[in-house]
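What follows is one structure encoded as structure tokens, with my remarks underneath.
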């Protein structure tokens, strides 16, 4: 009796798999589309392109802009090469004084 119940249970589970239409397998060529399906694909593509055109361009976002002062926010727009000081201008040695001239 258990074997019969097990066989019925397996048949009930497997039945939906056999009831499906053909499922496309890997590397199997696509089936030919009907004229109505081709027109629906073209319409969907046109609608997609139209929707893309209605999306506004993304603006540059500065999440730390409110934490900076006004001058720093404007300075951040400059490239690092133009805003960074050069080595010679950043640290210039003080001129040496002559000991004899300082005594007079």
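A short reminder: the numbers here are calculations on the coordinates, not readings from a lab. These numbers come from a predicted model, not from an experiment. Note: ideal-geometry Cβ built from the backbone for every residue, glycine included; neighbour counts use all protein chains shown.
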Between residue 43 and residue 55, what length comes free when the chain is fully extended (0.36 nm per residue of separation minus the Cα-Cα distance, one decimal in nm)?
-> 2.4 nm
Assertion target for 18, 9, ordered by fewest C-beta neighbours within 10 angstrom first, is 18, 9
Pairwise centroid distance, computed over Cα atoms, of the stretch 48-68 with the stretch 1-33, Å = 48
